Amino acid sequence: NLNDGTTTVATTFITNGSAKAWVNFDGFAASIQDSNNIASLTDQGTGQYQLAFVNSMGNVNFALTSSTGNADSSNAGTGRNSQMGSGAVGTFHYENSNPANQANEDAVRGYAVIHGDLA
């Protein structure tokens, strides 16, 4: 248990609710700016990236939240996820200023946070 003098919380509550991996990356250079539990970032084509974990997830039933941003706010992007595996996950960046043409594009900055159980 953790106790701050007023409240006591079970350590499992803290560890189960903590992000198991996160990353901040440059999509043009396909380089990690900062991260936790991310071994590598692979450029898989325009706006497509794969994140490999240092420590694998326990299964593929984890939660991934990703977002992206560009310097030009008129071409703001949105992240979406795919290729979920216990050792790696894919994320995409696409331009969303024109809903009729949401083509993949490289992101100035990409972000992802993963919650779930480690193997």
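The values are calculated or read from the model by the stated rules, or taken from the named source; none is laboratory data. Predicted model, so just to flag it, every value in this text is computed and none were measured. Glycine gets a Cβ as well: all are built from the backbone with ideal geometry, and neighbour counts include every protein chain shown. For accessibility, only protein heavy atoms count, side chains too; no ligands or nucleic acids. Shrake-Rupley method; radii C 1.70, N 1.55, O 1.52, S 1.80 Å.
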- ASN3-GLN50 pseudo-label distance in nm [points 7 Å out on the Cα-to-Cβ vector]: 4.9
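Carbon and sulfur atoms: what percent of the 1.4 Å accessible area of segment 1-57 do they account for?
Details: 1530 of 3270 Å².
Carbon and sulfur together cover 47 percent of it.
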- Based on the mean of other Cβ atoms within 10 Å per residue, sort peptides 3-15, 46-58, 25-37 so the most packed one is first. 46-58, 25-37, 3-15
